[in-house]
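Report on the following structure.
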């Protein structure tokens with residue numbers, strides 16, 4: 001029999017997306033309103049109060065926030081996934097990885113939507129010094145990169161949740177740390193001077209750095225960082241898969 | 001190991017023990033503070049070491065008093081719970097059905113039908129084809145786009161039953177399903193069993209209704225304290241169960 005796996009992942013992603021955005025009055029507008037509001041707050045704080053002198057600062061912030069939010073939603077937002085999606089696997093022998101994939105694809109729709117808003121904003125409202133060229137296509141491997149690293153962390157966190165229910169609080173501290181020790185608000189040179197090596201430790205810092213380079217600076221990504229981040233993502237993904245394989249089966253009885 | 005194609009399930013020396021910790025804390029903080037003071041755990045041997053084979057197309061009954069391990073065994077055999085020991089081979093897709101399982105209360109009836117159908121291995125087009133049948137059978141016309149959480153328990157159970165009946169799987173585990181719905185619906189459920197529906201399907205039936213077991217099961221297992229005391233002739237199993245209830 002032909003497998004219906006892809007259809008099923010797509011169906012689950014569609015329903016997940018609908019549940020998230022169409023359940024409230026503003027609908028899909030929330031998907032873009034949230035990063036825009038965050039953008040407004042950080043812009044006021046860093047540009048107006050702290051006098052950050054990065055050119056096209058709103059766009060600079062925006063693209064960083066889009067990647068960060070995808071990472072946050074796909075990791076913190078999925079810690080309890082084995083509990084909330086229990087109805088999918090507690091009566092059949094369905095492969096659990098499909099649940100993760102569908103949720104991340106659902107997040108990807110929001111990501112893509114935000115990216116479109118970003119381009120409209122950047123091209124028409126706050127154009128930078130350089131034009132956007134074909135190099136912007138490097139965003140595709142960068143998206144794959146953040147998808148893989150988020151998927152890995154998602155599997156690690158949600159399987160840990162089976163045994164340690166407070167992993168949510170612990171992960172919140174980490175994401176906060178990653179958020180502030182990342183080049184989301186700071187000029188790259190300041191960031192690298194102040195916290196050397198952080199662009200390699202932080203799972204999404206390199207991705208944000210390279211996303212800005214290919215879109216806003218129209219230069220090639222930093223290849224060593226690019227390669228390192230893919231290696232990082234694959235390692236995390238491997239650990240996630242191992243954990244899910246070993247402990248995921250326990251989810252039906254423990255959660 | 002190559003499996004005989006005429007067998008749906010082969011289980012060898014499977015068992016399941018639950019370790020129930022007395023304090024419900026399950027956090028990193030709790031674990032750190034109690035490194036040298038491990039939680040007291042109670043061992044519950046839900047299913048003791050057993051072996052069994054189920055042939056393709058068989059309808060097997062499981063009877064026994066509450067807490068004898070029927071539901072746990074069914075969860076092991078359907079692959080929902082991992083076994084602690086032994087070897088288990090399931091040949092085909094499985095579906096476990098009991099009250100209120102298998103649907104998200106946040107989704108509408110329509111969405112649940114598509115999701116469940118898809119999880120059970122159907123393509124979207126195949127679900128399209130049986131969609132109206134499912135709604136009709138569950139008597140839910142007019143509630144197609146209502147969320148399950150607004151359904152009465154009977155309505156939700158009818159929907160679950162209807163999906164199971166119409167979508168199905170190679171191996172069906174039916175845990176007390178004849179307790180679903182009102183009398184009219186129960187009659188309908190029984191009629192499904194009497195039609196050709198179970199032909200070609202492997203069915204494992206748990207029930208406290210001896211009439212149902214007597215009527216449909218070729219073989220029946222009588223369980224007591226997590227072990228299969230007897231497996232074979234249905235009448236004999238019912239006799240043992242009745243004696244156990246005295």
Within the stretch B:57-98, of all residues that are more than 21 Å from residue A:86 (Cα to Cα) and free of Cβ contacts under 8 Å to residues at least 60 places away in the same chain, the one surrounded by the most Cβ atoms within 10 Å (Cβ to Cβ) is B:67
Test residue B:29 against the stated conditions and say whether it is part of a helix (DSSP H, G or I) and within 12 Å of chain A (Cβ to nearest Cβ).
yes
Could you run through the stretch A:179-202 and say how many residues are assigned to a helix (DSSP H, G or I) and without any contact (Cβ under 8 Å) to a residue 60 or more places away in the chain?
12
Pick from the stretch B:166-185, criterion at pLDDT 80 or above and over 18 Å from the mean Cα position of the chain (by Cα), ranking: nearest to residue B:231 (Cα to Cα):
B:183
Which one of these is within 10 Å of chain B (Cβ to nearest Cβ), modelled with pLDDT of 85 or more and either in contact with a strand residue (DSSP E or B) (Cβ under 6 Å, 6 or more places away or on another chain) or under 27 Å from residue A:63 (Cβ atoms) (or both): A:18, A:5?
A:18
Going through B:226, B:200 one at a time, which residue ends up being farther than 22 Å from residue B:139 by Cβ and buried (at least 21 other Cβ atoms within 10 Å of the Cβ)?
B:226
Matching residues, the stretch B:69-124, being more than 10 Å from chain A (Cβ to nearest Cβ), farther than 25 Å from residue A:4 by Cβ, modelled with pLDDT of 85 or more and assigned to a loop (DSSP other than H, G, I, E, B)
B:69, B:84
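Residue-wise test of (1) farther than 30 Å from residue B:49 by Cα; (2) not in a helix (DSSP H, G or I).
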position: B:141; (1), (2): yes, yes
position: B:144; (1), (2): yes, yes
position: B:156; (1), (2): yes, no
position: B:163; (1), (2): yes, no
position: B:185; (1), (2): yes, no
position: B:191; (1), (2): yes, no
position: B:200; (1), (2): no, yes
position: B:220; (1), (2): no, yes
position: B:236; (1), (2): no, no
Within the stretch A:23-46, identify whether any single residue is closer than 21 Å to residue A:157 by Cβ and within 13 Å of chain B (Cβ to nearest Cβ), and answer yes or no.
no
Given the criteria at pLDDT below 95, under 30 Å from residue B:148 (Cα atoms) and part of a helix (DSSP H, G or I), does residue A:162 qualify?
yes
Any residue that is in contact with a helix residue (DSSP H, G or I) (Cβ under 7 Å, 6 or more places away or on another chain), over 26 Å from residue B:103 (Cα atoms), assigned to a loop (DSSP other than H, G, I, E, B) and more than 14 Å from chain B (Cβ to nearest Cβ) - is there at least one of those in the stretch A:111-122?
no
How many residues are within 23 Å of residue A:93 (Cβ to Cβ) and either within 14 Å of chain B (Cβ to nearest Cβ) or not in a helix (DSSP H, G or I) (or both) if we restrict to the stretch A:203-254?
11
Within the stretch B:140-164, considering residues that are away from chain A (no Cβ under 14 Å), modelled with pLDDT under 90 and touching a helix residue (DSSP H, G or I) at 6+ places or on another chain (Cβ under 7 Å), the one nearest to residue B:92 (Cα to Cα):
B:162
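The values are calculated or read from the model by the stated rules, or taken from the named source; none is laboratory data. The shown structure was predicted, so the numbers you read here are calculated from the model rather than taken from an experiment. Positions of Cβ are backbone-derived with ideal geometry, glycine not excepted, and every protein chain shown enters the neighbour counts.
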